[in-house]
Amino acid sequence: MNIGIFSDTYFPQINGVATSIRTLARGLEKEGHNVYIFTPWDPRTPEIDEPNVFRIPSMPFLFVKNFRAGLLCPPHLLRKIHALNLDVIHTQTEFSLGFFGKFISTTQGIPLVHTYHTMYEDYVHYIAGGHIITSEMARDFSKVFCNATTDVIVPTQKTKDLLLSYGVTAPISIIPTGIDTTHFKRDNFSREEILELRQSLGLSANTPVVLSLGRIAKEKSIDVVMEAIPELLKKLPDVKMVIVGEGPERENLEALAKTLKIEDHVIFTGGKPWTEIGKYYQLGNVFCSASITETQGLTFAEAMAAGVPVVAQKDPCIDNIISHNQTGLLFEDREMLPELLYQVLTDTALQERLSVAAMETMKDLSVEKFCSGVGALYEKILLSGDRPEKISAPIIPLVLGARVAKRITKYPKRLVENGFHHTHQFTKILPYINKHR
């Protein structure tokens, strides 16, 4: 098959969507398929780009560092795309490149598969505290885009139930994103290497570490974990919390640490390159997250693949990988958290049992299973003969804006009338929601 993947974010940007796309592309290529990736040009793109990656002209977003928005597609690239004879188009965004993928799908009559990565209603607070973009608008936006596709891929039942509640009527397939577990295995790193990393952060070999890794954002609820540290310190005076990542909530969390009088026990490492993330997981004696805004929770899975015991807020997005007291520990009441952390940090047998069970569970999230599942869906769609009805292309194929929304996604009237406004406002928050966690 010839497969076109359209995404607003891809390497050199480092985030969960980019990682998922690369994992999928390489897995499908191993199965003999041709995969072409379309994404905005980024000034950090290496001089020699990945083969079969096509960069759309882009512009920086004002006040948003390192994020690019796709603009017009050059005619020569449109001709190139036509010559590729794509069998399937797979969009990974609801914004500029998502509209472009839908444009190609509709004008060439190619089936469109879409992966829904983000629960947008949990991110509307980034725009004027949720007063400009409301949760209802986020739900409508997601419904309209998903209903304009052949099939929607979601990673968990939680996300499927969410889209059904929005009114999505397109077929929805649950295919968990695969994890390349080899990247996180303990035996990739020597004891000396981890000890050197610990020492660089002022940690001894025996310092108990509560690890948080991922984007530092309000919806990740890192504050909930921090608020458990004072109580934990009463029993473990030398415990440290290490927060690996960067994001808009960092200043607030640094202020919270001072308010809680735990600033000497909280270490912010800043963001780290993807190539080093596996090593940073090995810092933790326990990985802890209170986030309930994930569609799948890949950082939980990565920690488990790394053999790090997980303590997490109970949430449907991790039901398939974490069972309480079997593959991790779950809490519903935040008052339970200090005691659960204390148990894991002081009970060596519990640590080892959870670690072994977690690594075994991660075999079900293999890259091979993920890619074969997506490939099987493509084949099912092609065999069904379900193709979108072709429409005539506009003279200038805008990737972003109301014309595309009107012509291609066929917004309901009330969204068409405000199509550009909604798309423009949603695009403002896209940089904050492209990364996981």
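The values are calculated or read from the model by the stated rules, or taken from the named source; none is laboratory data. Because the structure is a prediction, the values reported are computed rather than measured. Using ideal geometry, Cβ is built from the backbone for each residue, glycine included, and neighbour counts are taken over all protein chains shown. What goes into the accessible areas is simple: the full protein's heavy atoms, side chains included, and nothing from ligands, DNA or RNA. Shrake-Rupley method; radii C 1.70, N 1.55, O 1.52, S 1.80 Å.
Data table
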item	result
Heavy atoms of Leu164 accessible to a 1.4 Å probe, total area in Å² rounded to 10	90 Å²
Neighbour net charge for Cys73 - beta-carbon separation under 13 angstrom, K R +1, D E -1	+4
Cut-off 11 Å between beta-carbons: net charge of the residues surrounding Ala255, Lys and Arg +1, Asp and Glu -1	-3
Highest average packing first - 94-105, 45-56, 315-326, 149-160, Cβ atoms within 10 Å	94-105, 149-160, 315-326, 45-56
Prolate/oblate/rounded call for the stretch 136-189, Cα gyration tensor, a/c under 1.5 rounded	prolate
Virtual spin-label span in nm between Lys258 and Ser323, 7 Å along Cα→Cβ	4.7 nm
For Asn2, net neighbour charge (Lys/Arg +1, Asp/Glu -1) across residues whose Cβ lies under 12 Å away	-2
Met336 accessible area, assembled protein chains, probe 1.4 Å, Å²	80 Å²
Distance violations [Cα-Cα > 31 Å] among Lys143/Lys363; Lys240/Lys272; Lys143/Lys272; Lys30/Lys185	Lys143/Lys363; Lys143/Lys272
Average accessible surface area per residue within the stretch 150-270, 1.4 Å rolling probe, Å²	45 Å²
